[in-house]
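Please treat every number below as a calculation from the coordinates, not as lab data. All of these numbers come straight from a predicted model, not from anything done at the bench. As a convention, Cβ positions derive from the backbone with ideal geometry for all residues, glycine included, and neighbour counts pool all protein chains shown.
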Amino acid sequence: MSKLVVANWKMNPQTAGAARKILRGIRPVTGVETVVCPPFPFLHGLGSRPGIKFGAQDVFWEPAGAYTGEVSAGMLQSGKAEWVIVGHSERRRLGDSDEAVNKKLRAALRAGLPVILCVGEPAKVRAKGPAAVRKFVGEELRRGLQGVKDLRKVVVAYEPIWAVSTNPGSSADRPEDAAAMVRFVKGKVPVRALYGGSIGARNAGSFLDLREVDGALVGGASLKPEEFNRILAAASGKVRDKK
Ligand code: PGA
């Protein structure tokens, strides 16, 4: 099956022009499903690019009404979004509980929008060892997917929080540990599972070459088209990790 590579631009870049420039620099690769998730205001104006789908970084659970500042799944779909990320650790840090993540996920699925559910443990849980990590991630999965029966439109991104590049002292997970967690996720729920956290051109191959890892969620490196293109090439199996 082809790999899925998701670009999470977070709150970047700062202008629509800069966003279009990044997009123009991306060269989609045959056989790699590529999804770009820009900030909401840029979603509609980015223009279409063959081989690139768009996604949103968040969604609200209600379909319409008095919810100042929120964006519904239907709105996303009526625009360009064909995917949505829910439960990113940066949203959880801003207050999204497991319950909120679950409501968002179910609202997206009700609207027919495929979802990337992010899970992953903080450093203090990692320090307690693999059993604690599995317990933590298992709970996030259970709570995030509560009441969801049809998992065909759900992808899980295992993204340990301490590995996200913007966190102090971060570094990518070890590929074998990421693979073990991806297997754990798949053992719990029959979904495609991605790894995310400090993926760049240099290390992408060592994650994407793993059979059980169905793709990558890429933050910082997805804002640099040349680097992102090398990640896409790694996902297509055209380049190998050079250590
Ligand atoms: P990073 O971010 O690739 O910059 O570590 C990943 C993410 O937060 O989705």
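Worth a mention:
- Among the listed pairs LYS124/LYS149; LYS80/LYS104; LYS135/LYS224, those whose Cα-Cα separation exceeds 30 Å are LYS124/LYS149; LYS135/LYS224.
- Rounded to the nearest 20 debye, the dipole magnitude of the range 70-149 is 260 debye, with +1 charges on Lys and Arg beta carbons, -1 on Asp and Glu beta carbons, and the Cα centre as origin.
- Residue-normalised convex hull volume from the C-alpha trace of the range 158-243: 88 Å³ per residue.
- For the chain, share of DSSP beta bridges that run antiparallel, in % to the nearest 5: 5 percent
- Part-to-part distance (alpha-carbon centres) for the range 32-68 and the range 184-201, which is given in Å: 21 Å
- Here the dipole of the chain is about 440 debye; that uses its Cα centre as origin and unit charges on the Cβ of Lys and Arg (positive) and Asp and Glu (negative).
- Peptides ranked, highest mean first, by Cβ atoms within 10 Å: ranges 9-17, 87-95, 150-158: 150-158, 87-95, 9-17
- Between the listed residues PHE207, SER165, PRO190, the Cα displaced farthest toward the positive end of the dipole of the range 164-213, a dipole computed from Cβ unit charges relative to the Cα centre, is found at PRO190.
- Ellipticity estimate at 222 nm from DSSP helix runs (n ≥ 4, -39,500 (n - 2.57)) divided over the chain, nearest 500: -10000 deg cm²/dmol
- Per-selection metrics, the chain (Cα): Rg and Dmax in Å: 16.7, 53
- 3J(HN,Hα) from dihedral phi, the range 120-131, Karplus parametrisation 6.51/-1.76/1.60, rounded to Hz, x for glycine, proline: x, 9, x, 4, 5, 6, 4, 4, 7, x, x, 5
- In plain terms, the C-alpha convex hull of the range 115-210 casts an average shadow of 6.2 nm² when viewed from every direction.
- Between the range 1-30 and the range 80-146, the Cα center-to-center distance that results, in Å: 23 Å
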